[in-house]
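Here's the structure we're looking at; comments come further down.
The values are calculated or read from the model by the stated rules, or taken from the named source; none is laboratory data. For clarity, every value in this text was computed on a predicted model and none was experimentally measured. Glycine gets a Cβ as well: all are built from the backbone with ideal geometry, and neighbour counts include every protein chain shown. Remember, those area values only see protein heavy atoms, side chains included, never the ligands or the DNA or RNA. Shrake-Rupley method; radii C 1.70, N 1.55, O 1.52, S 1.80 Å.
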Amino acid sequence: LVGPDGDAVVRAETAAARLLDGLARATPRPVALVLDRVESLEPGASGLLLIEALVRLGHPSLHLVLLTRGPLGFEVGRLRARGLLVELGPEQLRFTAGETAAVLAARLETTPPGLTDGVHKATEGWPAAVRLACEALADTPPDDRPAAVVRLAAHAADVFGLLATEVLDALTEPARQLVRYAAVLPE
């Protein structure tokens, strides 16, 4: 085996094989394993070696979903060439104007002309920002919504902060306390 530490690679491959074997015995149904912030694992770290071994060994009932904001830390070119890798970037993850309109229509009774375009432009289609905008607009009287979208567009650089503040300001104190207790990360 080739790797930074042969013993660590062997341990990772053994653990991956056991995990896949246990998975096959535990359920006949496909399972998705979602791992976020994979880029934060150092090259050669046991966690990254385990993920790489799972990818390399592959298993028809395990679908790995690796979320990363940078390179994975191991080679995936062979998977890409064989059509076994699906990569989604920022453009595929953003809502289109039509999807933004559908979210707004589902949450709000009325959407005045231009509201959808304003929300889409201010949020750049990011789903979390669109959702926060919907929540903020739902608590805004319909006649005041266009002005709220103008304020949103003016603060587009910090759209998440502005929307979170507007949504949090509308909550009761017990609800805010629940959010504080439930929030793991400051974001």
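List of remarks:
- Here the gap between Thr14 and Arg56, fully extended at 0.36 nm per residue and compared with their Cα-Cα distance, gives a gain of 13.9 nm.
- Taking the protein heavy atoms of the chain in the context of the full set of protein chains, the accessible area attributed to carbon and sulfur is 59 percent at 1.4 Å.
- Debye intensity ratio I(q)/I(0), log10, the range 75-154, q values 0.20 Å⁻¹ (C-alpha model): -0.78
- Å² of accessible area per residue within the range 50-143, as computed with a 1.4 Å probe and no ligands counted: 61 Å²
- In Å, descending, principal axis extents of the Cα set of the range 1-147: 66, 33, 28
- Equivalent ellipsoid, the range 36-88 (semi-axes from 5 times Cα gyration tensor eigenvalues, Å): 17, 13, 11
- Three-way shape call for the range 1-70 based on the alpha-carbon gyration tensor, with the a/c threshold at 1.5: oblate
- Here's how it looks for Leu62: its modeled amide H is under 5 Å from those of Val31, which are all 5 or more places away or on a different chain.
- Between Thr27, Thr96, Thr110, the GNM of the chain built on Cα springs shorter than 10 angstrom shows Thr27 fluctuating the most.
- Span-like helix criteria (full DSSP H runs; alpha carbon extent of at least 24 Å along the helix axis; mean Kyte-Doolittle hydropathy of at least 0.0) are satisfied in the chain by 6-26.
- With a Förster radius of 22 Å applied to the beta-carbon distance between Thr68 and Thr96, the computed FRET efficiency rounds to 0.40.
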